[in-house]
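Heads up, the thing below is written out as structure tokens.
The values are calculated or read from the model by the stated rules, or taken from the named source; none is laboratory data. These figures come from a predicted structure and were not determined experimentally. Quick reminder, even Gly has a Cβ in these numbers, built from the backbone with ideal geometry, and neighbours come from all protein chains shown.
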């Protein structure tokens, strides 16, 4: 099945507003008419499907172009039906990311069913403060991110990237950056343009990732996981996501 590639933050904002299945249906129909290697520009697919192209007002403003090509991966808003898949990614990514940072006994005790229940409750809650985005590869959830208002009390920032996880085998494909940008876009759509993320102090790979995206080191604290397990974590801040994370997606002129 042909789906939608990772787009810029402005493009992602459009995709969040509409039914991706409708878009995919038009893409697949037009691709079936062409050569095997032909890819139909999404401008045509969107126009044929009758979709509007505005970005959330007050977020990024207008923009001049949509996605150019269809490929096998897409970002979409999570639903309650995604809870089992999100839980599998959550547990699997912890078990491949945190050995040496958290006790093996803690990681092995993580239960997919327990996390499925947690995510089902969160995704079914109509007043949930968070927003969850998933990476969908041909119907399989291979990564996700969760964001919302910050949970640290009175701070000079409003938004927080609560969690971002990818299966180990799909890392390096640009999905991590796509999820961070998508989260920043969703927060900006709520007029929240500052965002913090917390990461284990010893997770050098993730810290380097956030630093490359322009996150500024903020502070550290001790995190209590329960069961006698603690670890130090540090935070990175984007004080103005429109001027940093989302700057490259703004329209020219």
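It is to be established whether one or more residues within segment 242-250 are over 21 Å from residue 98 (Cβ atoms), modelled with pLDDT under 95, part of a helix (DSSP H, G or I) and in contact with a helix residue (DSSP H, G or I) (Cβ under 8 Å, 6 or more places away or on another chain).
yes
Do any helices (runs of 4 or more DSSP H) lying entirely in segment 81-144 carry at least 2 residues that are buried (at least 18 other Cβ atoms within 10 Å of the Cβ), and which ones are they? Don't jump to the end; show me each part of the working.
Numbers: elements: 83-97, 104-108, 112-124.
So the answer is 83-97, 112-124.
Scanning segment 145-154 for residues that are crowded, with 16+ Cβ neighbours inside 10 Å and in contact (Cβ under 8 Å) with a residue 40 or more places away in the chain, which turns out nearest to the chain's Cα centre (by Cα)? So that I can check it myself, show each step before the final result.
First, the residues of segment 145-154 that are crowded, with 16+ Cβ neighbours inside 10 Å: 145-148, 150.
If we keep only those that are in contact (Cβ under 8 Å) with a residue 40 or more places away in the chain as well, we get 147, 150.
Working: 147: 8, 150: 16 Å.
The residue in question is 147.
Considering only residues that are assigned to a strand (DSSP E or B) and touching a residue at least 60 places away in the same chain (Cβ under 8 Å), look in segment 164-186 and name the one that is surrounded by the fewest Cβ atoms within 10 Å (Cβ to Cβ).
Residue satisfying both the conditions and the ranking: 165.
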